[in-house]
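For reference, the structure discussed in these notes is given below.
The values are calculated or read from the model by the stated rules, or taken from the named source; none is laboratory data. Treat the numbers as computed from the prediction; the structure is a model and nothing was measured. FYI the Cβ positions are ideal-geometry reconstructions off the backbone, even for glycines, and counts take in every protein chain you see. What goes into the accessible areas is simple: the full protein's heavy atoms, side chains included, and nothing from ligands, DNA or RNA. Shrake-Rupley method; radii C 1.70, N 1.55, O 1.52, S 1.80 Å.
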Amino acid sequence: MQTESSPSRGSAGTKSEPLLIRVLKGETGPRPPVWLMRQAGRYLPEYRQVRARAGSFMRLCYTPELAAEVTLQPIRRFGFDAAILFADILLIPDALGQTVEVREGQGPVLPPLADAGAVAGLRPDRLHEHLAPVYETVRILRRELPAEVALIGFAGAPWTVATYMIEGGTSADHATALRWAVEDPDGLQRLIDLLVASSIEYLLAQVRAGADAVQIFDTWAGRLPASAFARFCLAPAAAIVAGLRAEYPDLPVIGFPRGVGERYRDYVVETGVAGISIDPTVDLDWARDGLQPLVAVQGNLDPQVLVAGGDGMRAATCRILDTLGHGPFVFNLGHGIVPQTPPDHVGELVRLVQGWRA
Ligand code: CP3
């Protein structure tokens, strides 16, 4: 699986950084690194087995040995260039006292915040105590992973996490959260501020435990009206990046403000991220000309193209590589792998990317 040999992390002298980290620092390698959002998950039979053993999704997240095991499964099976910590963006609300349950076929469910007054009842004081098992997962992973495989930590962006806290789960239209943004923007700001502070604490603890880079998932950024985008997407992300850089000036941060169209460029300029993860709607030539001169680009194969596989997948993959592979680029999907994905298609995709040369 690993062809290069590099000295283990922590040994003195000439340690070469993982390919992903070099690319996020602006280098263009002989080929892009590849990892996939949701690379651990239900499309893998070995994941379903461990999840059943854990009893529930949340138990899996809070059991370091099992969470580390499912993080490593796709690395062993496919030889990805990076591992992403197995956890969930909703562990922060859970830690703050809004107990989360992930139901089969329904997704996450939590008791919704009644109004901005309820923010005062959240419990940021117990954050680290509650999330300590996640930090232990990171420590196990950094020990077990080959030095050339980067370990990515993550958190949800404040707006996206707030939508789940306000709506009580996944929502078709985010009507209630969007109404807060209009009717009580200062109340929403109190929740966002709490999530900014918690996310900085949480991500710093992941980095101290061994994460090499972090990604901020703003899955619902595209739902924000233009008038609220700067306040509830850009400013919180910029504050998180600044908070992380205060302790780790060189930490690579990847932002994923999904579905924001031309505002991807504002996001890059305003937040100072090292990498920008783009969704499948983003035009490749625009990304090459408008984003890549500023930052490493990550993306953006449509997850359904990966489900379909075959010539369509090969053509789409080559087009992405040929357009973006000559600059700082990380191959990924434009959103997470879906459970219907045949594992063989993932294997073929990884071989295609790892066999491509600039
Ligand atoms: O492999 C990885 O990418 C790391 C683990 C990871 C999970 N969730 C595991 C998970 C990561 C990075 C996330 C992020 C996440 N979680 C996001 C942002 C990215 C995105 O997909 O938009 C969001 C919005 C969530 C919230 C969440 N958690 C939802 C909406 C769901 C249900 C989705 C579904 O497919 O059922 C979850 C549960 C969840 N998180 C699963 C996994 C593997 C599936 C649950 C299961 O195994 O039963």
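Tabulated data for the structure shown
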item: Charge tally in the Cβ shell below 12 Å around Val119, where Lys, Arg are +1 and Asp, Glu are -1, Val119 excluded; result: -2
item: Amide H partners (placed H, <5 Å) of Phe217, local residues excluded; result: Ala155, Gly156, Ala157
item: Segment Gln49-Arg351, length gained on full extension (0.36 nm per residue, minus Cα span); result: 106.1 nm
item: Net charge, Pro74 excluded, C-beta distance under 15 Å - Lys, Arg +1, Asp, Glu -1; result: +1
item: Most mobile listed residue (Pro74, Pro280, Pro32) in the chain, GNM with C-alpha springs under 10 Å; result: Pro280
item: The chain - accessible surface per residue (Å², probe 1.4 Å); result: 40
item: Thr271 accessible area, assembled protein chains, probe 1.4 Å, Å²; result: 10
item: Nearest-20 debye value, the chain charge dipole, Cβ charges on Lys, Arg, Asp, Glu; result: 760
item: Relative contact order (percent, whole number), the chain, Cα cutoff 8 Å, 6+ residue spacing; result: 21
item: Solvent-accessible area, 1.4 Å probe, carbon plus sulfur percent, for the stretch 19-355; result: 50
item: Whole-Å distance, taken between Cα centres, linking the stretch 13-58 and the stretch 320-347; result: 12
item: The stretch 275-358, relative contact order in percent, only Cα pairs under 8 angstrom and at least six apart counted; result: 36
item: Percent RCO, i.e. relative contact order, over the stretch 95-153, from Cα pairs under 8 Å lying at least 6 residues apart; result: 31
item: Cut-off 12 Å between beta-carbons: net charge of the residues surrounding Val109, Lys and Arg +1, Asp and Glu -1; result: -3
item: Rule-of-thumb Rg ratio for the chain [Cα; 2.2 N^0.38 Å; N residues]; result: 0.94
item: GluC sites (Glu not before Pro), loop per DSSP, at most 14 other Cβ atoms within 10 Å - longest free stretch of the chain; result: 105-261
